[in-house]
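Heads up: the structure comes next, in C-alpha cells.
The values are calculated or read from the model by the stated rules, or taken from the named source; none is laboratory data. Here the structure is a predicted model, which means the values were calculated and not measured. Here the Cβ positions follow ideal geometry from the backbone for every residue, glycine too, while neighbour counts run over all protein chains shown. Each accessible area value is taken on the protein alone, full model and side chains, heavy atoms only, with ligands, DNA and RNA left out. Shrake-Rupley method; radii C 1.70, N 1.55, O 1.52, S 1.80 Å.
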Amino acid sequence: MTYVQPDPELQAALGKENLFFEGRLTIGDSDICLVGKLESSGWKIDSRSQSQNANLKFRLSRSLTRDEAIEQAIAYLESKAGPQFKNLSENEERMIERMSVANRVQAFVFYMQARLPDELAERFLQIGATGDDLGILRFAADENISSIAEEAVAHCFYWSNPRATGEFFDWVRANDDGRMWTFALLDSLWQQYTVSSSINRLTQEDPPTAEELDGLSDEQVSDLLTRTRRLKNQVR
C-alpha cells in the first residue's frame, strides 16, 4: 500500500498526522482508495473502488493506533473482496484436459488446486486427503468457492465428454433448478438432454410413407421397431 500525505491545510486542521491516513492499494483486480479519519466515535474508514465489494464505509475502534487502523482496514477489505483466484496456465489447462479423459475427479481436484489461493488450496487438499466427501462438498458449497467449483466441474465434464457442447450447458442452466453443478447432476441432465434431443430429431423427421415401409427389408423393420421401443422406454 502506498500512502499519500494529506495536503498541508488538511493536516493543519487535523492537528496531528496520526489522526488521518490516505493511501491506495490493489486487491485482486480492484484498485482501492482508502481514507481513514479518527473521530470521537472511532476511526471512520472510507474505501472507494469500482468494485462494489470494495466500495465501503465502516468504523473501527477508537483505541487503535493509526498503523493498527490501517492494518485492520486492509484485512477487512480483503475479507469483503473474497478469495483472489489464480488463472490456469496453458500447461495446467492442457494437463487437466488430458487428466479429465482418464479420471475427471482427479482432474477436478487438480483444477481446484490450481485456481484457489495457496491457503485455500492447501486446506482443500487436506480435506481431500482425509477422504471426507461431505467435507469436500461443504468446502465447495461455500459462496466464495462455489463459482470456481462449478467452473471446474463444467470444464472437466466437457473435456471428458466433448459432445457436451455449449447448447448442452445452456440447457443445464435452464434445467438445474438452482442446484450446484456436480458430476452427478451433469450426468443425470446429460442423459435427459440426449433423450430429449433424440425425440426432437425423431419428431422433426417426416414419417415414412407406405411405399417406403413396403420397401424396407425385414432387418430394417426390426431395427426401426427396436429403436422406437428404446425411445419409448427412455421417455417413461
Could you give the distance between the Cα centres of segment 28-89 and segment 117-168, to the whole Å?
29 Å
Please work out how much accessible surface LYS86 shows to a 1.4 Å probe, ignoring ligands, DNA and RNA, in Å² rounded to 10.
80 Å²
On the full set of protein chains, 1.4 Å probe, figure out the accessible area of TRP171 and give it in Å² to the nearest 10.
60 Å²
What is the sum of charges, Lys and Arg at +1 and Asp and Glu at -1, for the other residues whose Cβ falls under 14 Å from the Cβ of LYS44?
+3
When the Karplus curve 6.51 cos²θ - 1.76 cosθ + 1.60 is applied with θ = phi - 60°, which whole-Hz ³J(HN,Hα) does each residue of segment 114-123 get, with x for Gly and Pro?
6, 8, 6, x, 3, 4, 6, 4, 5, 5
When the Karplus curve 6.51 cos²θ - 1.76 cosθ + 1.60 is applied with θ = phi - 60°, which whole-Hz ³J(HN,Hα) does each residue of segment 62-74 get, with x for Gly and Pro?
5, 6, 6, 6, 4, 5, 5, 5, 4, 4, 5, 5, 5
With N residues in segment 111-171, Rg(alpha-carbon) / (2.2 N^0.38 Å) equals 1.24
Considering the Cα trace of segment 24-175, what is its radius of gyration and what is Dmax, both in angstroms?
20.1, 64
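Net charge within 14 Å of LYS57 by Cβ-Cβ distance, Lys/Arg positive one each and Asp/Glu negative one each, not counting LYS57 itself?
Details: positive: LYS37, LYS44, ARG48, ARG59, LYS80; negative: GLU39, ASP46.
Around LYS57, the surrounding residues sum to +3.
So how much slack lies between GLU150 and SER51, counting 0.36 nm per residue of separation and subtracting their Cα-Cα distance, in nm?
On the way: separation 99, 0.36 × 99 = 35.64 nm, distance 2.28 nm.
Here the segment from GLU150 to SER51 would lengthen by 33.4 nm.
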With θ taken as phi - 60° and the coefficients 6.51, -1.76 and 1.60, list the Karplus ³J(HN,Hα) couplings across segment 137-150 in order, rounded to whole Hz; mark glycine and proline as x.
5, 5, 4, 5, 7, 4, 4, 7, 10, 4, 5, 6, 4, 5
